[in-house]
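As structure tokens, the structure follows; a few thoughts come after it.
Where a number appears in this text, it was derived from the coordinates with a stated rule and is not lab data. Note that the coordinates shown come from a computational prediction; the quantities given were computed from them, not determined experimentally. Cβ placement follows ideal geometry from the backbone for every residue including glycine, while neighbour counts extend to all protein chains displayed.
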Amino acid sequence: MALAEANRKFFDSLTDTYDDAPWRAKAITQITDAVREHLNWIGVNWAKPEPNAGVEEAEKVRLLDYACGTGLISRALGPYVTTTTGIDISPNMVSAFNKRATDVGIPQSQVSAVVGNLFTPESSDALAEPEYFNFDIVAVGSAYHHFEDVTLATKRLVERLKPGGVLFIIDFIQGAGMDHSHEHGHHGYVHHGPNNDHGHGHAHHAHHGYSHTDIPEDVLKELPKEMIDSIKVTDFDEAHVRAFFEEAGLVEFAISVLDEKLYMEYSGRSMERTVFFAKGMKPVAQDI
Ligand SMILES: C[S@@+](CC[C@H](N)C(=O)[O-])C[C@H]1O[C@@H](n2cnc3c(N)ncnc32)[C@H](O)[C@@H]1O
């Protein structure tokens, strides 16, 4: 819970300026273009892009944008789904998400977000109404590295999918973007909660499989404490992602690493991250 609370605070404080940084405009375009280039790869039976062509019940395509922030993934996938539900732990992010949608005249029945955290111990009671289940796709953009327990998170998100539905996540891959000069001599960062010190304990790497982050240590050290406190890891490796997808019961796992790196700036420090997309399908129950 401590990590979740750190996220709520950090992203609440960030909301107003979240989309304003000049570097972010390019990142938004990059992610949006890459998502759209991956529509077939994601493998959802997407809605036809013609606007409101008398959508039948059977043609509905329902998106859950989990940890939606201001709605980047919702906007990227918007033309290919019929309804979008956002969930985010940060009330300010949820307000910004809803304001953006209403400002451009999208009805709430089509796109809206609510505050929530599906990963609390008691969260089987949270968001229990039918409208929060049976999604065709659950998408999570750049948020898995903020989650305390990615296996629990994945299981909880899979509960929200319909059989045959797809979990699609976007995050940073380990090491792939590493500048050669940084290849040795720095170590991956693993964070165990906002109250711990931020030691780069090597013992954790073997255990969790996180090492060789592509963020140089000098950059890591200069990132604001509130940001560091909001993350669990800086990046993932493919085997780990596959493992928590499969442990949550997903099948047809696939991963795609984007060629073009994402440029980011925080606290006057710049960094380049390598982005991956991963997807898995909730099995369709077989008749016995
Ligand atoms: C880096 S932002 C990404 C926002 C958006 N998906 C995007 O791609 O721009 C991470 C988001 O995850 C949210 N978040 C972090 N932990 C969460 C949790 N346990 N449940 C729901 N949202 C969470 C934060 O509030 C924040 O809006």
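Summary table
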{"item": "Cα-Cα separations in region 224-288 greater than 14 Å, expressed as whole percent", "result": "70 percent"}
{"item": "Reachable lysines from LYS221, criterion Cα separation under 19 angstrom, eight or more residues apart if same chain", "result": "LYS232"}
{"item": "Cβ-based exposure ranking for THR274, THR85, THR151, THR29, in which fewest neighbours within 10 Å come first", "result": "THR29, THR151, THR274, THR85"}
{"item": "Net charge, VAL44 excluded, C-beta distance under 15 Å - Lys, Arg +1, Asp, Glu -1", "result": "+3"}
{"item": "Exposure proxy order (Cβ contacts within 10 Å, fewest to most) of VAL35, VAL138", "result": "VAL35, VAL138"}
{"item": "Amide H within-cut-off set for ASP237, under 5 Å, with H built and near neighbours excluded", "result": "GLN174"}
{"item": "Fewest-first ranking of THR234, THR84, using other Cβ atoms within 10 Å as the exposure measure", "result": "THR234, THR84"}
{"item": "Burial order of peptide ranges 104-110, 15-21 (average beta-carbon count within 10 Å, highest first)", "result": "15-21, 104-110"}
{"item": "Value of D in µm² per second that Stokes-Einstein yields for region 71-146, Kirkwood Rh from Cα pairs, at 10 °C (1.306 mPa s)", "result": "120 µm²/s"}
{"item": "Estimated FRET transfer efficiency (VAL251, ARG36; beta-carbon r; R0 25 Å; 0.05)", "result": "0.50"}
{"item": "Length released on extending from LYS9 to SER109, taking residue separation times 0.36 nm less the Cα-Cα span", "result": "33.2 nm"}
{"item": "Net length gained if the chain between LYS225 and THR151 were fully extended (0.36 nm per residue, minus Cα distance)", "result": "24.1 nm"}
{"item": "Shape of region 104-146, Cα gyration tensor, a/c cut at 1.5", "result": "oblate"}
{"item": "Candidate aspartates and glutamates - alpha carbon under 13 Å from LYS99, same-chain residues fewer than 8 apart omitted", "result": "ASP16"}
